[in-house]
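The values are calculated or read from the model by the stated rules, or taken from the named source; none is laboratory data. Bear in mind that the values here come from a model prediction, so they are computed numbers and not experimental data. Note that each Cβ is placed from the backbone with ideal geometry, even for glycine, and that neighbours are counted across all protein chains shown. These area figures cover heavy atoms from the full protein model, side chains too; ligands, DNA and RNA do not enter into them. Shrake-Rupley method; radii C 1.70, N 1.55, O 1.52, S 1.80 Å.
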Amino acid sequence: MEGFRRKTPEELLLSISKIHRGWLKIYIGAFSGSGKTYHMLREGQALKQQGIEVVVCAVSTMQRPETSEQLADLERIPSIHWMKDGTARKDLNMEMILKRNPEVVLVDGLAHRNRPGAEHPSRLD
């Protein structure tokens, strides 16, 4: 067994910079029903199988059974529900996401406009 060794300042800075690094993966499809949500959730399942913390927030399955099946074992963070012109809408619950602090968050519909009075006008802001 190797003895204790202090990290150099450079190694500490590299460790800290890696903590703040993240990446964004976007699934693009030409039309609704092209499989974007299904494949995102399927990849979430694969990541979970690898031991990575995956949570789902604000995902719409469009009541498609195959897509709904992909949600089965994934932890969900409840969305903030609101109505606009008689249509139900869902906003990300950023407070709960940040409190939970998972490794991966799966979000559907990045072009979504948030409710009036929200901290950010859309999910992209």
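Of note:
- For the set His112, His120, His81, the ranking by accessible area, highest first and with no ligand, DNA or RNA atoms included, is His81, His120, His112 under a 1.4 Å probe.
- Once the Cα atoms are used to define both axes, helix 9-20 deviates from the longest principal axis of the chain by about 10 degrees.
- At a probe radius of 1.4 angstrom, the accessible area of the chain per residue rounds to 76 square angstrom.
- Listed residues Ser32, Ser17, Ser68, most fluctuating in the chain (Gaussian network, C-alpha, under 10 Å): Ser17
- With helices as the sole contributors, the chain gives -9000 deg cm²/dmol at 222 nm; each DSSP H run of n ≥ 4 counts as -39500 (n - 2.57), and the sum is divided by every residue.
- In a DSSP loop and with at most 15 other Cβ atoms within 10 Å, the trypsin sites (Lys or Arg not before Pro) in the stretch 13-68 are Arg21, Lys25.
- Spatial separation of Cα centroids for the stretch 1-74 and the stretch 82-125, in angstrom: 17
- Computed from Cα atoms, the angle from the helix 36-49 axis to the main principal axis of the chain rounds to 30 degrees.
- For the chain, the Cβ-based charge dipole about the Cα centre amounts to some 180 debye (Lys, Arg positive; Asp, Glu negative; other atoms uncharged).
- Taking all protein chains together and a 1.4 Å probe, the residues Val54, Val105 rank Val105, Val54 from largest to smallest accessible area.
- With all protein chains in place and a 1.4 Å probe, the accessible surface of the stretch 21-125 carries 52 percent carbon and sulfur.
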